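For reference, the structure discussed in these notes is given below.
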Amino acid sequence: MHYSRGARVVLAFLVFVIFAAYLYLHISSIHLLGTPPKETATETNAAPSGQEGEAQGQTASVEGEAGQTSSAEQTTSAQPAPTVDPASPYGKALANAAAKGLPTPPAVDITSWEFTLVNGDHSIADYAPEQLAYLQQTMTDSEKRTAPANDRCPVDMRIADALLAMGQGCKDAGLPIYFSSGYRSYSDQAANFKRVCENNGITDGKINGYYITMPAGCSEHQLALCCDITDKYYALKNDDIVASDTIQWLLAHCAEYGFVQRFPDGKQEVTGVMNESWHFRYVGIEAARYMTDNHLVLEEFLALYGVE
């Protein structure tokens, strides 16, 4: 087939237009496919996925640690208070004190040395303390000697510091003090018992049913945890001594040092001993304060814990 020259020009032009249109559409298509969508562009501006994961992990870790602390605190606060065996000495003391309308007693070890009970019904036989301290009777010094001397009062070494502190407190208050009598051996107490009985025409150490002197083995002086304290030397002690300023100071402050008045007036039926306002016994500060505040003697205090 033969076309004229004009037809061939027109046909060539149409081919060119079609080819140009095809190129245009193809290039436009590539451009559109290469442009990232808006959501993708927005995500590109956010933190990289790795960093975001680390931040989230750190937050979770902090929350986890806080949770653990809170749980530990709850566990600690939720722990029940330890129970006391009602059959134990302290369990008995709690029950007995409540029954008598007394405050909660101290949780002391009632088997400890300072609570040793000695009286007309509880003998310590020929007991002797392991070590004695010899204290200057008028507190001119606070030396704890280990050898006897005429002007020194022997006591168990374990109460020496407390006794010296109490004596110094009395002196600091401007009052005189005299450590009259401390430890007596079994033989010394036996001799003392015999002498007092002979002087008073008695045989059992009692007047009107109460001891004025104790048989050997039954005296706190043999235990060495006590001391007769006055304001000066007395050849014969009597009830008038309680009126001295020294005794009044001791009665007001002895519990602060762990001492109690062992045989107070009004407790003769319990102790079995006549009033001795000058006789002070060491029991430790907790027990001394409880006994003094509640007007208990040692027998009554120990009875709370089941000691008979």
Selection count where residues are touching a strand residue (DSSP E or B) at 6+ places or on another chain (Cβ under 9 Å) and either among the basic types (Lys, Arg) or modelled with pLDDT under 95 (or both), scope segment 158-183: 1
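If I filter segment 115-127 for residues that are out of contact with any Ser or Thr (no Cβ under 8 Å at 6 or more places or on another chain), among the hydrophobic types (A, V, I, L, M, F, W, C), free of Cβ contacts under 8 Å to residues at least 24 places away in the same chain and farther than 16 Å from residue 297 by Cα, do I get at least one hit?
The first filter runs over segment 115-127 and keeps only residues out of contact with any Ser or Thr (no Cβ under 8 Å at 6 or more places or on another chain), leaving 115-117, 120-123, 125-127.
With among the hydrophobic types (A, V, I, L, M, F, W, C) added as a condition, the list becomes 115, 117, 125.
Next cut, free of Cβ contacts under 8 Å to residues at least 24 places away in the same chain only: none.
The answer is no, given that none of the residues of segment 115-127 is out of contact with any Ser or Thr (no Cβ under 8 Å at 6 or more places or on another chain), among the hydrophobic types (A, V, I, L, M, F, W, C), free of Cβ contacts under 8 Å to residues at least 24 places away in the same chain and farther than 16 Å from residue 297 by Cα.
Answer with yes or no whether residue 284 is surrounded by fewer than 16 Cβ atoms within 10 Å (Cβ to Cβ) and either at pLDDT below 95 or out of contact with any Pro (no Cβ under 6 Å at 6 or more places or on another chain) (or both). If you could, list the steps in order and put the result at the bottom.
Values: surrounded by fewer than 16 Cβ atoms within 10 Å (Cβ to Cβ): no; either at pLDDT below 95 or out of contact with any Pro (no Cβ under 6 Å at 6 or more places or on another chain) (or both): yes.
It is false that residue 284 is surrounded by fewer than 16 Cβ atoms within 10 Å (Cβ to Cβ) and either at pLDDT below 95 or out of contact with any Pro (no Cβ under 6 Å at 6 or more places or on another chain) (or both).
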Residue in segment 260-274 that is farther than 20 Å from residue 206 by Cα and not polar (S, T, N, Q) present: yes
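Considering every residue within segment 210-217, establish whether at least one is within 36 Å of the chain's Cα centre (by Cα) and farther than 25 Å from residue 161 by Cα. Spell out the reasoning first.
To start, the set of residues in segment 210-217 that are within 36 Å of the chain's Cα centre (by Cα) comprises 217.
From what is left, the residues that are farther than 25 Å from residue 161 by Cα are 217.
Yes, because at least one residue in segment 210-217 is within 36 Å of the chain's Cα centre (by Cα) and farther than 25 Å from residue 161 by Cα.
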Residue satisfying all of: in segment 199-208; of a type outside the set (S, T, N, Q) and free of Cβ contacts under 8 Å to residues at least 40 places away in the same chain; farthest from residue 118 (Cα to Cα) among these: 201
Those residues of segment 168-198 which are assigned to a helix (DSSP H, G or I), small (Gly, Ala, Ser) and in contact (Cβ under 8 Å) with a residue 60 or more places away in the chain, in sequence order: 169
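Yes or no, residue by residue, for (1) in the same structural domain as residue 170 (by TED's automatic domain parsing); (2) more than 26 Å from residue 258 (Cβ to Cβ); (3) modelled with pLDDT under 95:
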| position | (1), (2), (3) |
| --- | --- |
| 187 | yes, yes, no |
| 198 | yes, yes, no |
| 202 | yes, yes, no |
| 207 | yes, yes, no |
| 210 | yes, yes, no |
| 216 | yes, yes, no |
| 219 | yes, no, no |
| 225 | yes, no, no |
| 239 | yes, no, yes |
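Quick check on residue 181: is it over 33 Å from the mean Cα position of the chain (by Cα) and closer than 30 Å to residue 203 by Cα? Quick ask: steps written out before the conclusion?
Details: over 33 Å from the mean Cα position of the chain (by Cα): yes; closer than 30 Å to residue 203 by Cα: yes.
For residue 181, the condition - over 33 Å from the mean Cα position of the chain (by Cα) and closer than 30 Å to residue 203 by Cα - is met.
Working only within segment 110-128, note down all residues that are of a type in the set (Phe, Trp, Tyr) and either under 31 Å from the mean Cα position of the chain (by Cα) or farther than 20 Å from residue 155 by Cα (or both). Even if it seems obvious, please write down each step before you answer.
So in segment 110-128, the residues of a type in the set (Phe, Trp, Tyr) come out as 113, 115, 127.
113, 115, listed by residue number.
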Any hit, segment 138-152, residues being of a type in the set (S, T, N, Q), surrounded by 14 or more Cβ atoms within 10 Å (Cβ to Cβ) and in contact with a Ser or Thr (Cβ under 8 Å, 6 or more places away or on another chain): no
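The values are calculated or read from the model by the stated rules, or taken from the named source; none is laboratory data. Computed from a prediction, not measured in an experiment: that's the story for all the values here. As a convention, Cβ positions derive from the backbone with ideal geometry for all residues, glycine included, and neighbour counts pool all protein chains shown.
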